[in-house]
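The values are calculated or read from the model by the stated rules, or taken from the named source; none is laboratory data. The structure presented is a predicted model; accordingly, all values stated were derived computationally and were not measured. With ideal geometry, Cβ positions are generated from the backbone for all residues, glycine too; neighbour counts draw on all protein chains shown. For accessibility, only protein heavy atoms count, side chains too; no ligands or nucleic acids. Shrake-Rupley method; radii C 1.70, N 1.55, O 1.52, S 1.80 Å.
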Amino acid sequence: LYEKGKNRRNIILISIDTLRADHLGVYGYPKETSPHIDALAADSILFLNTYAPSPWTLPSHVSLLTSLFGLNHQIYYENEKMDPSILTLADILRKENFSCSAVTGGGFVGSAYGFSKGFNFFNEAGGLFRQDSAALIARAADDCLERDKNRNFFLFVHTYQPHNPYSSPFPYK
């Protein structure tokens, strides 16, 4: 991430469950579907070739935050949770004096599955069935950014907003 003694950079990791990269402008989609994501990406590190290590949320996010494959972390089913002895990205960054915050939609990326490990602050805002979930998560993430603006920080943000069950508001129903 950085060399000791050098200037550090803040880290924001955003996970948007089931959002397709091929429908974002930053990845070449011709319709203007994602102007804010595109603007953020213009000033960020953009990964062009990323692959989920699992076809569903829980094991994929354990891998994302531990750098372990399912074979190593052994999370495959919804009744399993992270082993507390597994080192997470937040554990590593806290040891390097980063303030580590997470704001998630809960569910399979919640504290019940071990995701709060290593974070100074962990907030389960929104949720799978709330139409305003992404807005609640964004407000909570803004609060984290304001709180940590004068220190090195890692902020992990996760939302299920594009995920099913799809329940569009009027007039789109």
All positions within region 129-158 that are in contact with a helix residue (DSSP H, G or I) (Cβ under 9 Å, 6 or more places away or on another chain), more than 21 Å from Asn79 (Cα to Cα) and open to solvent by less than 90 Å² (accessible area, probe 1.4 Å)
Asn152, Phe153, Phe154, Leu155, Phe156, Val157
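Looking at region 38-55 only, could you name the residues that are in contact with a helix residue (DSSP H, G or I) (Cβ under 6 Å, 6 or more places away or on another chain) and either aliphatic (A, V, I, L, M) or open to solvent by 100 Å² or more (accessible area, probe 1.4 Å) (or both)? Let's see the steps before the verdict.
In the first step, residues of region 38-55 are kept if they are in contact with a helix residue (DSSP H, G or I) (Cβ under 6 Å, 6 or more places away or on another chain); the result is 38, 41, 52-54.
Those that are in contact with a helix residue (DSSP H, G or I) (Cβ under 6 Å, 6 or more places away or on another chain) and either aliphatic (A, V, I, L, M) or open to solvent by 100 Å² or more (accessible area, probe 1.4 Å) (or both): Ala41, Ala52.
Give the residues of region 118-137 that are part of a helix (DSSP H, G or I) and touching a Pro at 6+ places or on another chain (Cβ under 9 Å), sorted by residue number.
Applying the first criterion (part of a helix (DSSP H, G or I)) to region 118-137 yields 133-137.
Result: Ala134, single match.
A quick yes/no check of all residues on (1) open to solvent by less than 70 Å² (accessible area, probe 1.4 Å); (2) among the small types (Gly, Ala, Ser):
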| residue | (1), (2) |
| --- | --- |
| Gly114 | yes, yes |
| Gly118 | yes, yes |
| Tyr160 | yes, no |
| His163 | yes, no |
| Phe170 | no, no |
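Does Arg151 count as over 13 Å from Asp17 (Cβ atoms) and touching a strand residue (DSSP E or B) at 6+ places or on another chain (Cβ under 8 Å)? Let's see the steps before the verdict.
Working: over 13 Å from Asp17 (Cβ atoms): yes; touching a strand residue (DSSP E or B) at 6+ places or on another chain (Cβ under 8 Å): yes.
The answer is yes for Arg151.
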Check on Leu48, over 13 Å from the mean Cα position of the chain (by Cα) and on the phi < 0 side of the Ramachandran plot:
yes
Candidate set: region 136-160, residues that are in contact (Cβ under 8 Å) with a residue 24 or more places away in the chain and polar (S, T, N, Q); chosen: the one farthest from Ala90 (Cα to Cα)
Thr159
Could you count how many residues in region 65-87 are under 25 Å from Ala21 (Cβ atoms) and in contact with a Ser or Thr (Cβ under 7 Å, 6 or more places away or on another chain)?
5
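Restricting attention to helices (runs of 4 or more DSSP H) lying wholly within region 1-108, give those where 1 or more residues are within 19 Å of His163 (Cα to Cα) and touching a Lys or Arg at 6+ places or on another chain (Cβ under 9 Å). Give the steps one after another, and end with the answer.
Working: elements: 35-42, 57-66, 70-73, 89-95.
Once the helices (runs of 4 or more DSSP H) in region 1-108 are filtered for at least 1 residues that are within 19 Å of His163 (Cα to Cα) and touching a Lys or Arg at 6+ places or on another chain (Cβ under 9 Å), what remains is 57-66.
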Hey, among Leu71, Leu58, Leu24, Leu87, which residue is among the aliphatic types (A, V, I, L, M), buried (at least 16 other Cβ atoms within 10 Å of the Cβ) and under 19 Å from Tyr113 (Cα atoms)?
Leu58
Only unsatisfied item for Gly126, checking (1) open to solvent by 10 Å² or more (accessible area, probe 1.4 Å); (2) at pLDDT 95 or above; (3) in contact with a strand residue (DSSP E or B) (Cβ under 9 Å, 6 or more places away or on another chain); (4) small (Gly, Ala, Ser), is (2)
